Amino acid sequence: MTRVLVTYPIPDPGLPLLRERFDVAVHGEDPPAREEVVAEARGCAGMLTLLRDRVDDDLLAALPELRAVSNYAVGYDNIDVAAATRRGVLVTNTPDVLTDATADMAWALLLASARRVGEGERYLRTGSFTGWTPHLLLGADVAGATLGVIGYGRIGQAVARRGTGFGMRILYTARRDHQAPGVVAERVPLARLLAESDFVSVNVPLSPETHHLVDEAALRSMKPTAHLVNTARGPVVDEAALARALREGWIAGAGIDVFEREPEVHPDLLRQANAVLAPHLGSATVGARAAMSRVAATNLIQALGGERPANLVNPGAWR
């Protein structure tokens, strides 16, 4: 019977679907060390991985029988796709099913940062609240403000669509023009987006071109009243520069769901009261995680069954 390794006990229905067809080994909840992955995946034709699992050329070389890697995520920067393609290993991801959940999370962070919800909760819980005053924790107006969306794919467009309900002017950056249904938006250069936006949402995938796309220079070019939201990938934003920007008032606030060296967070960022921080919750809804499980399992079933997977990342590996 064909063997597969699942590196984490994912939610239903993925594991039952896989067990109907394969001999399934499941690693525990602790992140597996490299030698554990090699030992557990030896002889496996497929792997179902998380973003925390680094699948590089060395790992692929140690697993010559591997034919497919199904990533339980829409991103796949944890996988050396070029190396997988050279070795004929199919790589898949889980797009579409987490779009709305992630866009909702971006807006949760945007509103929390704008209205200083984190600061307010801490203020209340520590017993500092003694009554309403006209100047207590004044935040930013969202309705009618300018929303800048860096990266205008599925999630970026969903973030923009939510902005229309707040009557926002919407700017975006992308390699080409996009017409998102129900959204009036203008494609502009990044420099203009940063300079004019009251709220900036980061929605690009991680690549060599986007690593530290939002760096010190970018943060300094934003309005001092602006807020930054990142639900994409941590390394897209220079975390040390962001902490300094918040501390020194280059920008007013930030809502951050992803970090450069997860699960570590830059200690200076942790100290900034005007940073709303979440532990990578973008797709963390019951429905989204179940849908990701189903799609990831289906991708692996298709790949190992000789069917071209619906969410194939590297078509060059398809024979």
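The values are calculated or read from the model by the stated rules, or taken from the named source; none is laboratory data. Note that the structure is predicted; figures quoted are calculated from it, not measured. Don't worry about glycine lacking a Cβ; one is built from the backbone with ideal geometry, like all the others, and counts go over all protein chains shown. Ligands, DNA and RNA are stripped out before the accessible areas are found, and what is left, the full protein with its side chains, is counted by its heavy atoms. Shrake-Rupley method; radii C 1.70, N 1.55, O 1.52, S 1.80 Å.
Looking only at segment 83-100, count every residue that is touching a residue at least 60 places away in the same chain (Cβ under 8 Å), surrounded by fewer than 23 Cβ atoms within 10 Å (Cβ to Cβ) and outside any loop (DSSP other than H, G, I, E, B) and tell me the total.
Adding up the residues that qualify gives 2.
Please work out if PRO64 is within 25 Å of the chain's Cα centre (by Cα), surrounded by fewer than 21 Cβ atoms within 10 Å (Cβ to Cβ) and either assigned to a loop (DSSP other than H, G, I, E, B) or aromatic (Phe, Trp, Tyr) (or both).
In short, no.
Restricting to segment 242-273, name every residue that is in a helix (DSSP H, G or I) and either open to solvent by 20 Å² or more (accessible area, probe 1.4 Å) or closer than 24 Å to ASN78 by Cβ (or both).
Once the filter is applied, which keeps residues that are in a helix (DSSP H, G or I) and either open to solvent by 20 Å² or more (accessible area, probe 1.4 Å) or closer than 24 Å to ASN78 by Cβ (or both), segment 242-273 yields LEU242, ARG244, ARG247, GLU248, PRO267, ASP268, LEU269, LEU270.
Name every residue in segment 274-319 that is over 30 Å from ALA254 (Cα atoms) and in a loop (DSSP other than H, G, I, E, B), in order of residue number.
Of everything in segment 274-319, those that are over 30 Å from ALA254 (Cα atoms) and in a loop (DSSP other than H, G, I, E, B) turn out to be GLY305, GLY306, GLU307, ARG308, PRO309, ALA310, ASN311, VAL313, ASN314, TRP318, ARG319.
Among the numbered conditions (1) more than 17 Å from the chain's Cα centre (by Cα); (2) open to solvent by 50 Å² or more (accessible area, probe 1.4 Å); (3) at pLDDT 95 or above, tell me where HIS211 comes up short.
In the conditions (1) more than 17 Å from the chain's Cα centre (by Cα); (2) open to solvent by 50 Å² or more (accessible area, probe 1.4 Å); (3) at pLDDT 95 or above, HIS211 misses (1) alone.
Would you check which residues across segment 274-289 are among the polar types (S, T, N, Q) and open to solvent by 40 Å² or more (accessible area, probe 1.4 Å) and list them?
The answer is THR285, and nothing else.
Among the residues of segment 118-145 satisfying the criterion of being out of contact with any strand residue (DSSP E or B) (no Cβ under 7 Å at 6 or more places or on another chain) and assigned to a helix (DSSP H, G or I), which is farthest from MET168 (Cα to Cα)?
If we take residues in segment 118-145 being out of contact with any strand residue (DSSP E or B) (no Cβ under 7 Å at 6 or more places or on another chain) and assigned to a helix (DSSP H, G or I), then ARG125 is farthest from MET168 (Cα to Cα).
Residues of segment 194-208 being under 21 Å from the mean Cα position of the chain (by Cα) and either under 18 Å from ALA252 (Cβ atoms) or open to solvent by less than 40 Å² (accessible area, probe 1.4 Å) (or both), which ones? Step through it out loud before you land on a result.
Going residue by residue through segment 194-208, those that are under 21 Å from the mean Cα position of the chain (by Cα) are 194, 199-208.
Once the filter is applied, which keeps residues that are under 21 Å from the mean Cα position of the chain (by Cα) and either under 18 Å from ALA252 (Cβ atoms) or open to solvent by less than 40 Å² (accessible area, probe 1.4 Å) (or both), segment 194-208 yields LEU194, PHE199, VAL200, SER201, VAL202, ASN203, VAL204, SER207.
When you look at ALA114, is it in contact with a strand residue (DSSP E or B) (Cβ under 8 Å, 6 or more places away or on another chain), of a type outside the set (Lys, Arg), at pLDDT 95 or above and more than 19 Å from ALA296 (Cα to Cα), yes or no?
yes
From the list VAL229, VAL295, which residue is surrounded by 20 or more Cβ atoms within 10 Å (Cβ to Cβ), among the β-branched types (Val, Ile, Thr) and within 26 Å of THR85 (Cβ to Cβ)?
VAL295
Every residue in segment 290-308 that is touching a helix residue (DSSP H, G or I) at 6+ places or on another chain (Cβ under 8 Å) and closer than 11 Å to VAL69 by Cβ, please.
Answer for segment 290-308, where residues must be touching a helix residue (DSSP H, G or I) at 6+ places or on another chain (Cβ under 8 Å) and closer than 11 Å to VAL69 by Cβ: ALA296, LEU300.
Among all residue pairs at least 6 apart or on different chains, which show Cβ distances below 7 Å where the first residue, located in segment 35-58, is within 15 Å of ASN78 (Cβ to Cβ) and the second is open to solvent by 30 Å² or more (accessible area, probe 1.4 Å) and hydroxyl-bearing (Ser, Thr, Tyr)?
Here the result reads LEU50/TYR8, each pair linking segment 35-58 to a residue that is open to solvent by 30 Å² or more (accessible area, probe 1.4 Å) and hydroxyl-bearing (Ser, Thr, Tyr).
Checking GLY28 against (1) part of a loop (DSSP other than H, G, I, E, B); (2) farther than 30 Å from GLY156 by Cα; (3) modelled with pLDDT of 95 or more; (4) not aliphatic (A, V, I, L, M), only one condition comes out false. Which one?
All conditions are met except number (3).
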